[in-house]
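Chemist: Before I ask anything, let me first share the structure, which is written out below as structure tokens.
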Amino acid sequence: AIADGKRTAIVATAGTEQNGPHMVLGKHKFIIRHASDLIARELGNALVAPVITYVPEGGIDPPSGHMRYAGSITLPNVYFMKILEYAARSLKVHGFTDIVFIGDSGGNQRGMSEVAGALNEEWRDGSTRVHFVPEYYSGNGIREWLQSQGHDRETIGGHAGISDTSQLLAVASEHIRLEKRAKGGGFDGSGVSGDPTLASVEYGKKGIQLKVDTAVREIQKRIAARAKN
């Protein structure tokens, strides 16, 4: 594949975290694996590395972030960064010239940014670059689109609500217990924010397409900028 021109590698990071009674812990893995495949096909010259599923989810002692809820598995950022670093170094050895970091969870973003910056500085005289694309996660327009459909911020929520549940419904509905969906997860401490009962396959397809379109546009922009330098 590399000999045939596949010179871009996508390194996708997911997460293992609580998602309430209605959704599996590995939600991000299924969503980003599907999205990465679509991104690679759209780019035309890309392959997808195995998804990294253990990422920073909060502290251990005392528990913080997602680690306040049963089911989450965390990895300190320093070790997460080492996994990213050596994934990128490995891909460089094999001949990839553009290595893309995208993440489906908030705790992943800082580590990806720092590793990309450090490797690009180290490799500044070479032909390989690492492209961190935060827009896949934070600049994709999903929240704004849901608001345009009549949902307010509280209903949309921030975790395991309409957006997350809809995306998983669209790509792996077998990992959702429809009858367990409830606003706020149905009880205090569920770890759910928002109202997953309003999720739909149609919303999920739209959300993933927004992510894919945003990522493809940003990746192409970064690769074109590198080519000019």
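Chemist: Around residue 38, with a cut-off of 14 angstrom between Cβ atoms, what is the net charge of the other residues, counting Lys and Arg +1 and Asp and Glu -1?
Modeler: Local net charge: +2.
Chemist: For Kirkwood radius over Cα pairs in Å, several values are listed as [x] 24.6; [y] 18.1; [z] 19.9; flag the one computed from this structure.
Modeler: Given [x] 24.6; [y] 18.1; [z] 19.9, the structure-derived one carries the label [y].
Chemist: Let me ask something additional. Assign unit charges at the C-beta atoms only (+1 for Lys and Arg, -1 for Asp and Glu), then state the dipole size of the stretch 112-220 relative to its Cα centre in Debye, rounded to the nearest 20.
Modeler: My answer is approximately 320 debye.
Chemist: Then there is this: Where the centre of each part is set by its Cα atoms, how far does the stretch 187-229 sit from the stretch 48-122, in angstrom?
Modeler: 18
Chemist: Counting only protein heavy atoms and a 1.4 Å probe, tell me what percentage of the chain's accessible area is made up of carbon and sulfur.
Modeler: 51
Chemist: Continuing with this model, one more query. Taking every Cα atom in the stretch 23-131, find the radius of gyration and the maximum pairwise distance Dmax, and write them in Å.
Modeler: Reported Rg and Dmax, both Å: 15.0, 46.
Chemist: Can you list the trypsin sites (Lys or Arg not before Pro) in the stretch 84-172 that are in a DSSP coil and have 15 or fewer other beta carbons within 10 angstrom?
Modeler: Filter output for the stretch 84-172: 124.
Chemist: What size of dipole, in debye to the nearest 20, comes out for the stretch 1-123 about its Cα centre when the only charges are +1 on Lys and Arg C-beta atoms and -1 on Asp and Glu C-beta atoms?
Modeler: On the way: 11 positive and 12 negative charges, 48 e Å.
Approximately 220 debye in magnitude.
Chemist: Sticking with this structure for a sec: I need two numbers for the stretch 70-191: Rg to one decimal and Dmax as a whole number, Cα atoms only, in Å.
Modeler: So, for the stretch 70-191, Rg and Dmax equal 18.3, 56 Å respectively.
Chemist: Still on this structure, I have one more. Quick check: from the Cα gyration tensor, does the stretch 5-87 come out rounded (a/c under 1.5), prolate or oblate?
Modeler: Judged from the Cα gyration tensor, the stretch 5-87 comes out oblate (a/c at least 1.5, b/c at or above a/b).
Chemist: Here's something else I'd like to know. Under the rule of -39500 (n - 2.57) per DSSP H run of 4 or more residues, summed and divided by the residues of the chain, what mean residue ellipticity at 222 nm is obtained, to the nearest 500 deg cm²/dmol?
Modeler: -14000 deg cm²/dmol, from helical runs alone.
Chemist: To continue, here is another question. Could you give the DSSP H helices of the chain that reach 27 angstrom or more along their long axis (alpha carbon positions) and whose average Kyte-Doolittle hydropathy is no lower than -1.0?
Modeler: Span-like helices, by this rule, are 201-228.
Chemist: Quick one: grab Rg to one decimal and Dmax as a whole number for the stretch 146-229, Cα atoms only, in Å.
Modeler: Radius of gyration, then largest Cα-Cα span, for the stretch 146-229: 16.1, 54 Å.
Chemist: At 1.4 Å probe radius, can you tell me the per residue accessible area of the chain in Å²?
Modeler: 48
The values are calculated or read from the model by the stated rules, or taken from the named source; none is laboratory data. Every value quoted in this text rests on a predicted model; they were computed, and no experiment measured them. Backbone-built Cβ (ideal geometry, glycine too); neighbour counts: all protein chains shown. Ligands, DNA and RNA are excluded from the accessible area calculation, which covers all protein heavy atoms including side chains. Shrake-Rupley method; radii C 1.70, N 1.55, O 1.52, S 1.80 Å.
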